[in-house]
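Below: the structure, in structure tokens.
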Amino acid sequence: MEQRIARFTLEGVKDAEVSMHPFSTGDGLGLNLTRFKRSDSDDVVLLIHGLTTSSDMYIMPEHTNLVNVLHDSGFGDVWAVDFRMSGRYPYDTETHRYTLDDIALNDHPAALAEMRRHIGDRRVHVIAHCLGSVSFAMSLFSGAVTDIASLTCNSVALTVRTPAWSRVKLRWGPALMEYVLGPSFIDPRYGDSPLLTRGWMLSRLVSPFHRECDERACHMLAFMWGGGKSIFSHDKLSPVTHARLPDLFGACGVHYYRHMNKMAKAGRAVKYDPRDQRHAALPDDYLAGVLSRDVQVDTPLLLLTGDRNHVFGDSNIECHRELEAVAPGVHELAVLPGYGHQEPFMGADSATEVFPQVLDFLKRKAG
């Protein structure tokens, strides 16, 4: 019998007090933090999702999830933020011009300020994925957030290296979607769109190029993010997870691709529009200050990446190489055999194959 899991369920976390903590950004969006507290802890963990996912990626009930593993390992106070990229909000199905600069300046500092109201000056360790990793690293390396005990980034951080086909999509995709195909977002649920609608037709055009499975949402996700291949290794994913991909990934506003296109061209995290005075407090190049030794960031990074990463390739390997050159021994790299972009935190066996490396890093950086 097929396992049925409710959308946006919190059932994956047991034996914990769950509380919601809404907060607002400086540019007028309502966001939310979810606190999973089993016990008091001097070291608090904040989990950050990527573009189109949500806090759900860390609390999946079909396998041993990261929140439960953290609780069992002594980190009894775990928070998960849903920032503006979250699939739990309608923001990415609206016409917008948000960039990662908006998130670095507004979302992450506001989330941490709300956390600090409840936890005081306890140590905060951040675990982030995909563009959550990029945007939080931008916040950290720009000084928009401070006092972070450690940062774990999966797949990508401050250097951006993408496959050739991804660069083509990043360059031409936003204009094609907004001005030709419509609408201004791409949704993995297009496969279930009404017959002959634009979403239905786009899904049918994409699926023939992805023969690895029969799940149209998986094909759409590969089209949205993969460099011609899936965003995860299928053998690492539970069949239950694979069947509910539309519940775990939301729509993606295409303007974010414009910012990623600039980063892919530069090879690193850069500001979308240096002339935009709203982001004057942020650097034009988020890595340049550290590489020139003009900026010092004391937070140690653990850079994770799968060796089958078809979304951001060897971005974190390159990031570690650059950071190691200016701060030898401070930051760490872990290459995960057989893993791709998405499943290090969502895989069926991540609890035994990935999480121990993250926990070892956290425990060594804890007080």
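Computed from the coordinates by the stated procedures, all read-outs in this text should not be read as laboratory data. Keep in mind that what you see is a predicted model, and the values were worked out from it rather than measured. Using ideal geometry, Cβ is built from the backbone for each residue, glycine included, and neighbour counts are taken over all protein chains shown.
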If the requirement is being part of a helix (DSSP H, G or I), under 24 Å from G338 (Cα atoms) and of a type in the set (A, V, I, L, M, F, W, C), which of these qualifies: W165, W172?
W165
Those residues of the stretch 164-201 which are buried (at least 16 other Cβ atoms within 10 Å of the Cβ) and of a type in the set (G, A, S) amount to S166, G173, S184, G191, S193, G199
Taking the stretch 263-276, which residues are buried (at least 17 other Cβ atoms within 10 Å of the Cβ) and basic (K, R)?
R268, K271
Has the stretch 30-53 got any residue that is free of Cβ contacts under 8 Å to residues at least 12 places away in the same chain and under 22 Å from the mean Cα position of the chain (by Cα)?
yes
For the stretch 322-331, check the following and say yes or no: at least one residue is more than 22 Å from the chain's Cα centre (by Cα), β-branched (V, I, T) and either under 24 Å from D101 (Cβ atoms) or assigned to a loop (DSSP other than H, G, I, E, B) (or both).
yes
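Can you pull out every residue in the stretch 249-304 that is among the charged types (D, E, K, R) and on the phi > 0 side of the Ramachandran plot?
Within the stretch 249-304, just R293 meets the criteria.
Among V297, V311, V335, which is the only one that is in contact with a helix residue (DSSP H, G or I) (Cβ under 8 Å, 6 or more places away or on another chain) and within 21 Å of R123 (Cα to Cα)?
Working: V311 fails: within 21 Å of R123 (Cα to Cα); V335 fails: within 21 Å of R123 (Cα to Cα).
Criteria check complete, one pass: V297.
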Consider the stretch 46-59. How many of its residues are outside any loop (DSSP other than H, G, I, E, B) and small (G, A, S)?
1
Selection within the stretch 60-86 - without any contact (Cβ under 8 Å) to a residue 60 or more places away in the chain, within 27 Å of Y98 (Cα to Cα) and in a loop (DSSP other than H, G, I, E, B):
F83, R84
Which ones in the stretch 268-296 are part of a loop (DSSP other than H, G, I, E, B), within 14 Å of A157 (Cβ to Cβ) and out of contact with any Asp or Glu (no Cβ under 8 Å at 6 or more places or on another chain)?
Y286
Considering H255, H259, H279, which residue is in contact (Cβ under 8 Å) with a residue 40 or more places away in the chain and farther than 25 Å from G313 by Cα?
H279
Neighbours by Cβ (under 7 Å, 6+ apart or cross-chain): first from the stretch 207-236, assigned to a helix (DSSP H, G or I); second small (G, A, S) and crowded, with 22+ Cβ neighbours inside 10 Å
R216/S203; C218/S230; M220/S203; A222/S230; K236/G347
